[in-house]
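Step one of this worksheet: look at the structure below.
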Amino acid sequence: MNFFFEVLIGGLLSGVMYALVAIGFVLIYKASGVFNFAQGAMVYFAALTCVGVMDKLGVSLWIALPITVAVMIVLGLAIERVVLRPLVNQPEITLFMATIGLAFFIEGLAQLMFGAQVRKLELPIEDVPSQYLMDNYNILVSQFDIMAAAVCGLLVTTLALLFSKTRVGRALRAVADDHQAALAVGIPLQRIWAVLWAVAGIVALVAGLLWGARNGVQFALTFVALKALPVLILGGFTSMPGAIVGGLVIGASEKLAEVYIGPLVGGGIEGWFPYVLALLFLLVRPEGLFGEKIIRRI
Amino acid sequence: MLYREAGQFKTSYQADGQIFPILQDRIALLAMLAVAVVAVPLLASPYVLSAILIPFLIFSLAALGLNILTGYAGQLSLGTAAFMAVGAFASYNFILRIPGLPVLLAFVLGGLSAALVGIAFGLPSLRIRGFYLAAATLATQFFVVWCLTKIPYLTNYSTSGVITAQPIVILGYAFDTPDRKYLLVLAVVAVMALLAKNMIRSNVGRSWMAVRDMDVAAEVIGFRLMRTKLLAFAVSSFYCGVAGALYAYAYLGTVEPEAYNLDLSFRILFMIIIGGVGSVLGSFLGAAFIVLLPVLLNVVAHSLALPTSVASNLELMVFGALIIFFLIVEPHGLARLWQIGKEKLRLWPFPH
Amino acid sequence: MKRLASIIACITLAASGAAIAQPADQYIALPSYRVGPYAAGGSGFYGGIIDYFNLVNLSGGVNGVKISWEECETEYNPSRGVECYERLKTKNGGATLVEPLSTGVAYGILDRLAVDKIPMTMIGYGRSDAANGKVFPYVFPLITSYWNQAAAMIKYLGDKEGGMAKLKGKKIVHLYHDSAFGKEPLPVLEALAKQHGFELIKIPVTPPGSEQQSQWLQIRQARPDHVILWGWGSMNAVAIKTAQRNGFPREKILGVWWAGSEEDTVPTGDAAKGYSAMTFNTPGNYPVLDEIRKKLYDAGKGNMSDPARIGSVYHMRGVSAAILWVEAIRTAQEKFGKGKRITGEQMRWGLENLNVDEARQKAIGAFGMLPVVKTSCDDHEGSGAVKVQQWDGKKWNAITPNWIVGDKALTRKLLEESSAAYAAEKKITPACAK
Amino acid sequence: MTEDAQMQMNEPEAHFGAVSTDGRRPTGPVILDLKNISLSFGGVRALTDISFDVRQHEIRAIIGPNGAGKSSMLNVINGVYRPQQGQIAYRGEVRKNMDCHAAAKSGIARTFQNIALFKGMTVLDNIMTGRNLKMKSNFLMQALYWGPARREEIAHRIKAEEIIDFLEIQAIRKTPVGRLPYGLQKRVELGRALAAEPEILLLDEPMAGMNVEEKQDMCRFILDVNDQFGTTIVLIEHDMGVVMDISDRVVVLDYGKKIGDGTPDEVRCNQDVINAYLGVACA
């Protein structure tokens, strides 16, 4: 039974890491209807910039961090100005393609600036089993994962406060509901988008730091976006709580499936299981966990 | 040559229903085909044939397949490479296990196998749409590659898990040199492009576009959604399957399942978006863009004598920037750009 | 379509324009990758090759014949790799050797080699049965193959336990990249498990392997005596980190050589301390590396941006590859004419009659850096010997003083069977080339 | 020029008032009979216990304020919605589990309130889609574009061109409908419905948002369809002048309930209808 709980908890905590990436997608999709293919590239770019700044300037994490935040904000603003603004009012698929071009550009830029080699990123907390839980409950859980979950919780709370309490947040929700109506009541759409991309950049930085500390800062960080996709299908592209719950469900179920079903069919089912799960779920509820019910009128 | 349609009157609906209603277009196409069939194999170097034109044609075919599904029937898919893999591995097994099976028939059977898989994984499209469907088709991608890695029978128990394409021999004639392979691929692609164009100008094509543009209205008019969507999945997968078989047989030779990874699916998707969603010509232009541009950039970067790692990264950045640039200039893809150019030419020098 | 035609014309021009150059140099095609997920390894490996070439050219080339090369970015993508091969092969009077360092690319050009008469080396990757020169005359999996590595791993683990007999009843986990690469050693491992009576537990990791929590929980529950980590790319660092996260001792993990570079351990911080992996280079410093440092990097002519990477695993692997090639050129020149540029076919002969013994290694300044390599028509591999190295938190150290060779009789048998099946499928009559 | 077009040319410029029902075919027996239809979505009742019938060849109007359930009524008739209660008899047969495909097959065509054309296709292609149920060749034949498939395509093209002539949209046949002005789109949508050669044509606000000339044209087309092809027409319209002029009988809905039914004159003087919708008493 302990083993079951270890798998479950490990899965849930992995799910938090997936949710972290998924939130970046949700932010941008909700506000601008863009499926941001470059989110993975941004995660890599953020982490590499942070490590690169530490390396090149020889400064500590705490100095590199604000510099990177500034870089991500500039990047977000630049993306809005150079890529999105000229493409305003274009179909979704065009914007999606533009973010693909963006992904190539960012990947090239990151490696051009800081080189292709793999680097380590050490956060102040070590990735070892928590002794406390081990001693008291005989359950093995990484203390790093617990901290990551806490950071994720903090981030989500901050974002929720930002969106509910500030003017920008209210404008943002208006934009998410209806672009045209928001424009009509005088909300500056472009500024909101710029803010959103900057915020998404910061979310990418948080994800990049945690994933980078976990797996090393390397090109493969761009692949973590793949882990976020089933989460998005399950939770809905427009729902922040959906991203979190979806992450938890996907994380836990894929681990349980791999451990308990995997050995029966030769293993390695983690690659497709979350997608199939999300797919089956969609067949029952096409709008996802928290997506709004789509009523099609004719 | 003057590009004019004045004086070309259509006196029958048959004439008006032609694929290229303008005489000059027909002449240009025939000339191009003649060049492609006669001049190119004679003049082009083996490098151009085997490293540029063959992959270009194969990717065009795959892009055409995806365009049928995404561009015409409106169902976004990220599982293209999986259908290509099914086509390749099925063809391999058919040839291996049925002695004396003609290669072309094996490609058709490979395509049909892909079509069956396409129908199975197209079923969710009846309930799910848009990006949700796209992400769901990723399930196809991962599941198919997983199956190919897991089931040794499919790779004929090869210890390294790869398949080696058998030599292509048709009626005793071996297609073993670049120019022969090129002609074979060209023939297959040309015929299939023609068939696709025919489908698109007939009722089946209209049913796809109707479902794409407004599915409820399509149903009210009498199209059956399920049949239409699944047919689109089947035809699209068939095209991708044949392309996948050609990719293995006429291009790579020895392939592992990994060759048909998500990366390839994405590349094909890029092709149709850059080329033009819902355009046969766009499939070709997009394939040209995605196949040729990196090569061109690579050549240019090398001639600049930059350090290789800098050159490689710059290539990637320029490639990305060009995609964005083209989308800003013409969001509907290269095919639309081409069309606008043609319209201008038709009216030139009296644009008003 | 006109635009397309002009683009093609442009490329043709670029491709053929270079071919007019005087073919005085020994030209080698390097379809390399310096961007993308595997760029870190690619830049080290090709950096090592180019560094050694530059070193040889500084001292006048091979009997006066300078080596030239050209790179082309493949991004580790088979389709782009084939294009690169086709583009590079005709330049400078024709390539006489090619090395893509990518299984997918290598497979994509496998069929073209014999037609083009260009030999390809696959140093430490690709299909193991390609060592049979009767079936694969133009393919050279030099030094060692996956099967010999798997056999050597079991040999090492047996020695560590105090004799092969002690393996009986032990549990060994094979944690592998779920692809052709990870499945390749299975026939060897399964045969050895049967022979020595240990339990083999196979646990696949879905590529790219950025999440391995469930695998390591399974491993922890199975309580194995050893874990073989058959990984590639980012999967390795994640495996080591996840082992740490689950409190699994790294001392019990033995990686393949693609899981045994700085790129695999550095990003894990201290987690990799005590982790060991296979290698076909003995870590350390060698006169040849000092020369590269002094003559190239101090003069600003080094290929890598970071001089600290000299002597790193990938760099040393590149240097070793280049050493073997240069020796093959030298060998071929001795037969076909000293100081003359040799052809691809002659290069093939040189690779097939390679004998880089200890004396030769000493002369090069690389004594002990790689095992003795002696090839023949039957054996395009030439060695099959490996060492085990361990990460101390800063660098790799060899922990086996001698080269380890596994059950070569077994791997030879598998090799014969597998290559015979390939020959039958492709309708090849196995025979040694002249 | 076709005969129809010539006839229209010879007629004096039609005005609503000038069009009389005199020259039209007499209405026939009941072709569509709806009994006690109720429809709800979740808890919201859209239609409550509605009964009325439609006679062959007649023009039957459905009127009522916004949200009265008029479009829902059409959606029930052509099988998009399935009512929870009530029954529909079509040509004397009570139909069960009708879906929109079956409705289309049985000869019911319609247009939509918010134009539901296929925006990426040309006018000609849109009209050709209307003929899909009459096409028999399978997709393989179509892919080969050979023999029967080709003959079929051309035969249907001739039919489509007849409709294009009838609706006087020859000049725009190759234009993608997305680029057309609103009025023309409405006309194309009518063409698409006509292409199916329906027995009953359901028109959902065919004249909404049109100017006077466009309305005149549309009225003329509707009357001609009714007259020349003998098509039964059920239409929803807000323009009372039009409704009273061209329809044979009118059903009035309000909040999902039927509050009036009869000839235009009867309805116009029905007090419930005046209260709920018309607002002015009849003269």
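Every number here is computed from the coordinates shown, using simple stated rules; none is lab data. Fair warning: this is a prediction, and the values are worked out from it, not measured in the lab. Here the Cβ positions follow ideal geometry from the backbone for every residue, glycine too, while neighbour counts run over all protein chains shown.
Results, tabulated for the structure shown:
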item	result
Unmatched cysteines, chain D - criterion: no other Cβ of a Cys under 4.7 angstrom	D:Cys100, D:Cys219
Across C:Lys171/C:Lys252; B:Lys197/D:Lys134; D:Lys96/D:Lys134, pairs whose alpha-carbon gap is larger than 19 Å	B:Lys197/D:Lys134; D:Lys96/D:Lys134
Among C:113-124, A:225-236, the order from most to least packed when residues are scored by Cβ within 10 Å on average	A:225-236, C:113-124
FRET efficiency, 1/(1 + (r/R0)^6) with R0 41 Å, evaluated for A:Val59 and B:Val329 via beta carbons	0.45
Whole-Å distance, taken between Cα centres, linking region C:383-434 and region B:64-113	36
Rounded to 10°, Cα long-axis angle of helix C:146-161 versus longest principal axis of chain C	30
Part-to-part distance (alpha-carbon centres) for region A:208-227 and region A:61-78, which is given in Å	18
Degrees separating the helix D:182-195 axis from the principal Cα axis of chain D, which is the longest one	80
Most mobile of B:Ala190, B:Ala62, B:Ala232 in a GNM of chain B (Cα contacts under 10 Å)	B:Ala190
Proximal charge balance of C:Lys394 [Cβ under 11 Å; K/R count +1, D/E count -1]	-1
21 Å Cα-Cα threshold exceeded, pairs from A:Lys120/C:Lys273; D:Lys186/D:Lys258; C:Lys295/C:Lys338; C:Lys89/C:Lys340	D:Lys186/D:Lys258; C:Lys295/C:Lys338
10 Å Cβ neighbours from other chains, averaged over peptide D:126-135	5
Net charge of neighbours whose Cβ lies under 11 Å from the Cβ of B:Trp146, counting Lys and Arg as +1 and Asp and Glu as -1	-1
Within 10 Å of each Cβ in B:116-126, the average number of Cβ atoms from other chains	1
Net +/- balance of residues flanking C:Ile292 in space, Cβ distance below 12 Å, scoring K and R +1, D and E -1	+1
Spin-label pair C:Cys377/D:Arg151, simplified geometry with 7 Å Cα→Cβ offset, distance in nm	6.8
Span-like helix ranges in chain B, DSSP H, alpha carbon extent 30 angstrom or more, Kyte mean at least 1.0	B:130-150, B:178-201, B:225-246, B:280-303, B:308-329
Fraction of antiparallel bridges per DSSP, the protein assembly as shown only, in percent to nearest 5	45
Set C:Lys134/C:Lys362; C:Lys155/C:Lys394; C:Lys134/C:Lys408 screened for pairs whose C-alpha atoms are more than 21 Å apart	C:Lys134/C:Lys362; C:Lys155/C:Lys394
Euclidean distance of C-alpha centroids, region C:273-308 and region B:132-161, integer Å	40
Chain C: angle of helix C:408-426 to the longest principal axis, Cα-based, in degrees nearest 10	50
Most to least packed among C:191-202, C:319-330, B:328-339 [average Cβ atoms within 10 Å]	C:319-330, B:328-339, C:191-202
Inter-chain Cβ neighbour average for residues A:257-263, partner chain, 10 Å	4
